1. Compute the accessible area per residue over the stretch 72-174, keeping the other protein chains in place, probe 1.4 Å, unit Å².
2. In nm, to one decimal, how far is the modelled label at Leu390 from the one at Leu157, with both set 7 Å along Cα→Cβ?
3. Once the Cβ-Cβ distance between Ala329 and Arg358 is put in as r, and R0 is 30 Å, what FRET efficiency do you end up with, to the nearest 0.05?
4. Could you list the residues of the stretch 581-612 with an amide nitrogen less than 14 Å from a label point located 7 Å from the Cα of His549 in the Cα-to-C-beta direction?
5. Taking the alpha-carbon centroid of each part, what is the distance from the stretch 289-314 to the stretch 665-687 in angstrom?
6. Between the stretch 558-613 and the stretch 17-52, what is the separation of their alpha carbon centroids in Å?
7. The stretch 92-233: Rg/Rh from Cα coordinates, Kirkwood Rh?
8. Quote to one decimal, in nm, the extra length available between Thr309 and Gln685 on full extension: 0.36 nm per residue of separation minus the C-alpha distance between them.
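The values are calculated or read from the model by the stated rules, or taken from the named source; none is laboratory data. Just so it is clear, the structure is predicted and the values come from calculations on it, not from any experiment. We place every Cβ from the backbone using ideal geometry, glycine too, and count neighbours over all the protein chains shown. Surface areas here come from the heavy atoms of the whole protein model, side chains and all, with no ligands, DNA or RNA. Shrake-Rupley method; radii C 1.70, N 1.55, O 1.52, S 1.80 Å.
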Amino acid sequence: MRLVWRWLASFRRRILFRTVFLLLALATLALAVAVLQQEKQLSYANYRVGVGRTQAQVLARLHHPSGQLALMNPQAATGTVPLAPVVLPFSALDFDDPAKVQQAVELAGCLVQYPGKGSVCVAVANNAWAGGFIYLAGSFASGDLAARARGERDVTLAHRVRVTLNLRGSEQRWIAPFEAADGRASAARRGRLTGFDDEGRWLAATRPQRDFRGWLWQDGACAQPAATLPGCERRAFFSIRLPVPAYQAALFDRSQPLVWPPADLGQARVRVEVLAPGEGAALLDSNDASAVPPFSIAELKPLLLPGETLKVMPPARAGSAAVFNLHGADSPLRTAPWLVRLVHRLPVEGYDAPIELRDRVDTALGPYEVVLTGDVRSVDATLAAVATRLSGFVGTMLLAIVLAWLLIEIGLIRRVAVLTRRARKVSRDVQDGQRLGELDVADLRGHDELGILAGALADLLQRVKEDLQRERLRAEREKDQWHAVGHEIMSPLQSLLALHGAPDDPSARYIHRMQQAVRVLYGSASPSEAFETTTLRVQPLDLHQFLRHVASNAPAEGIAQVELHAAAGLGPVMVRADEYPLEDVATHVLRNAARYRPPGTPIRLILSADADVAVLEVHNQGPPIPEALMARIFEYGVSDPESGGEGGGQRGQGLFVAKTYLAKMGGTITARNEADGVSFVLTLQRA
């Protein structure tokens, strides 16, 4: 097996590169699919929210009187001219009050708009007991209204309204000339529309029809803001209650049940003409082909997305055809069929569940059920359209990956294989650790990247061989030096320990510390390696008592005026530490503080503790630590170049030892500049 593996070694890089490019191509495809899947999840969630928002908009429109008008009059959506009466969402109209009538018809949205500021609403109330009447209301623009004098039979001398009703195969015509309420001439005019049978220019009788009631009001302001009185056109509004004998007879016919609105209401046809004095063209004609119809349910269709369906039907008629059935417009997006199938197969939780939202709108004719059905295929189509546009970029990326692979395969991998075979010989030479062989790359050197790399590797290999040789010699000399130093120091220390080995002898403590320091360094290649590999014996230690000992023995170390400050009543503070290394830490920090403090100033040891840690703050007066040096003072070999000490300088070892030992005991040490000096903060875990 080992021989087979060695034989495959020459193909390893080629397999690696080919695998990398294959994975890169697969990752590109997987990334595209993953992005599509995430977009599908987001689009699906947004689509459900959008369907709910669409339902809210539809319901808000249908709950409005104009929406209820459209619900109760589905036949009104089939055409506008000639006008057919619609059922109002109101029980009756106060046709004698212009403000109320105008507000009602505008709120209901039944007005059909005509050019020249004209409008007409033809409607019946939703309450049969309001009477068998058809209400006519509308507006037009005209100059000063000409009124009919009482007893005048020529109707062409005044403004008038002509109404034509075609119902159940018969036709009725009324002519209603304007009669002013008073004889005074003013900009704003008000008067009745008195109804007569329309028999041409001349009235056959001067007595009007009793049940025909109408009013006409004209504003006092000009319809055009730039125009001025007199002579400008002003807006006029009319309101007429038209009696329908056929409807009135049905109200009192006890032989048949009352049906309101009448079943054939949508078949009735009404024409309203407003005529000026004379025989000229009508100011307003409801049969004008340019009429703009009012709101209908069909206007909700733009709210529907492709595939969505809106059905409206009375719940009592379950199973019957919907009153309205709207479908969203087809999507104009161009998509690839295979991408649509791919998007549809991407897994999304709840995606296949049908989306159907139901609600109802109460009207005077009964409650209507509104069913909005969503279609997630629109999500697929939208994402597929986006994916279709991006497929070109994905294809380009894949093509670029293939071209890059071919270039590397032809121009690099083959030469790398040669370099691999020759490097394998060098590898066999160094596997046993005996020597570093030569790498022959004479024929691979060149000015291209691989040629430069091959030459640099050969030169680097030679340099490494030389550096390894020098490092091995240096390490052997340094190790021999430490062995010699350790041997020469340990013997006198053993003799001193024999002389001062009594438990109550203070010198024994320092002899033990010296022995530990020698053991740490003895046999190590470098001091930093020795400190970092030292194993400490961490055990409970009373830090309060320990600091009392350090403060009292500090003068023996040449450090005077060390003061211990602790909270009143502070008893033993047990921490996890090794006594001798912790004393080394305290000594290094105190010596560092003594080095920089002004002569005669004390060094304060401030001890505090809580349930988890004990904190020791070593404070001295003196210059602050430079900001550039603050982050590096605990590194090995870093010291203040201007500081002096015994031996002509510092090795940058004391604070490194302090940090290393504290870390092994689970503690920390930090430094900070104070207003009057420097503080070192040491923390240890409580035992």
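1. 39
2. 8.2
3. It comes out at approximately 0.85.
4. Residues 581-587 fall inside that zone.
5. Cα centroid of the stretch 289-314 versus Cα centroid of the stretch 665-687: 78 Å apart.
6. Computed from Cα coordinates, the inter-centre distance equals 62 Å.
7. 0.96
8. Stretched out fully, the Thr309 to Gln685 stretch lengthens by 128.3 nm.
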